[in-house]
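Heads up: the structure comes next, in structure tokens.
Computed from the coordinates by the stated procedures, all read-outs in this text should not be read as laboratory data. No experiment lies behind these values; they were computed from the predicted model shown. Note that we place each Cβ from the backbone using ideal geometry, even for glycine, and neighbour counts take in every protein chain shown.
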Amino acid sequence: AQKITQTQPGMFVQEKEAVTLDCTYDTSDPSYGLFWYKQPSSGEMIFLIYQGSYDQQNATEGRYSLNFQKARKSANLVISASQLGDSAMYFCAMREGFFNDYKLSFGAGTTVTVRA
Amino acid sequence: NAGVTQTPKFQVLKTGQSMTLQCAQDMNHNSMYWYRQDPGMGLRLIYYSASEGTTDKGEVPNGYNVSRLNKREFSLRLESAAPSQTSVYFCAIQGTVAFTEAFFGQGTRLTVV
């Protein structure tokens, strides 16, 4: 079964607008972490934001925020005030397991294209 | 990327040839991972090593072997390369503290002809 599901293969957004990227996950572990990464066309993986399963508040990092709905097992990324440099592929990832036995799984990704 | 070095960056193999992808880190992290990235399929976990001396299969381990040589190094071996193994391979590392992000190498673009 898919651990991480990203249902939007590609999205277009107008510059300066906000965009929401969907991510749902599946785990039976009580403790897990959720991550979002950006992969520009150059290919490197850039960490954006983290949400722990026990965190009470939604994570925010600058223009990035994570809309964490634990009961629905969703961890959507919101990018506010989109910039041309935000055009990239975005991956949702989940870390599960316990100390010294962690596994990190990724979704299929969403390509975001920002239009001027 | 800082802390994770992958070699080589590019490689072309003929079907049936073998090769080893090397990954080394200088961040003293316990967990190391090998992923492959294919268009439309995201990053799929091949093998991982939660700590020195342990390795486990991920989602797509067939056709690969790994060695966690020491805490710093985690290698991925293709014993008999097949065209289906044409992909971009990423090594990643992660610490044991739950909220630490994973750090990635620059990737290896492998083509099997």
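For this structure, a couple of remarks:
- Projecting label points 7 angstrom from Cα along Cα→Cβ for B:Gln17 and A:Lys16 puts them 5.3 nm apart.
- Here the dipole of chain B is about 240 debye; that uses its Cα centre as origin and unit charges on the Cβ of Lys and Arg (positive) and Asp and Glu (negative).
- DSSP beta bridges fully contained in chain A are about 90 percent antiparallel.
- Loop-located GluC sites (Glu not before Pro) in the range A:12-46 (DSSP state not H, G, I, E or B) with no more than 13 neighbouring Cβ atoms inside 10 Å: A:Glu15, A:Glu17.
- Gain on full extension, evaluated as 0.36 nm per residue between A:Tyr54 and A:Ala81 minus their Cα-Cα distance, stands at 6.9 nm.
- Residue exposure proxy: B:Met32, A:Met94, ordered by other Cβ atoms within 10 angstrom of their Cβ from fewest to most, comes out as A:Met94, B:Met32.
- Chain A, relative contact order [Cα under 8 Å, separation at least 6], %: 37
- Here's the picture: charge each Lys and Arg Cβ at +1 and each Asp and Glu Cβ at -1 in the protein assembly as shown, and of A:Phe12, A:Thr27, A:Ala81 the one pushed furthest to the positive end of that dipole is A:Phe12.
- Arranged from fewest to most other beta-carbon atoms within 10 Å of their beta carbon, B:Glu52, B:Glu101 become B:Glu52, B:Glu101.
- Within the range A:16-72, chymotrypsin sites (Phe, Trp or Tyr not before Pro) in DSSP loop having at most 15 other beta-carbon neighbours inside 10 Å: A:Tyr54
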